[in-house]
């Protein structure tokens, strides 16, 4: 029996571990990268997605109907983060985030065709997707931020999941 053919892959694997270290996942040292792995952001995403399909209603504050800011207020409150009730006030809290800095769990704000004031809010999920209570779709849904309407009306994001805003 030719043992060298069977042992070669094991030897190479052993060498790889000794050269690269045995740990598979190291804690990222870059704060921007680490934010993506923030467990609170994952909980925000999971809470938000658990409400997919719930009916949109202007002024809705849950639990069976939400408007956009009622939805975000509820999702963040489940993580111990208190935010104002309406989108234009939510747009003033937390750390300002520009388009190219968006990360999972950031609040994102939009104006409308009829006004330059903030009139809509959602939660960024990453990879160009966000979740929101949509008045046009009449439910909580996931949309593409790069779609023509949303890209045109995007104002800014706000990050609330940094250490300064979260009660642990």
Requiring at least 2 residues that are over 21 Å from residue 58 (Cα atoms) and either touching a helix residue (DSSP H, G or I) at 6+ places or on another chain (Cβ under 9 Å) or free of Cβ contacts under 8 Å to residues at least 60 places away in the same chain (or both), the helices (runs of 4 or more DSSP H) wholly within region 68-168 are 148-153
Got a number for residues in region 28-65 being surrounded by fewer than 12 Cβ atoms within 10 Å (Cβ to Cβ), within 20 Å of the chain's Cα centre (by Cα) and at pLDDT below 95?
6
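Go through 73, 129, 151 for me and flag whichever is modelled with pLDDT of 95 or more and surrounded by fewer than 14 Cβ atoms within 10 Å (Cβ to Cβ).
Working: 73 fails: surrounded by fewer than 14 Cβ atoms within 10 Å (Cβ to Cβ); 129 fails: surrounded by fewer than 14 Cβ atoms within 10 Å (Cβ to Cβ).
The match here is 151.
The values are calculated or read from the model by the stated rules, or taken from the named source; none is laboratory data. Values in this document were obtained by computation on a predicted structure and should not be read as measured data. Backbone-built Cβ (ideal geometry, glycine too); neighbour counts: all protein chains shown.
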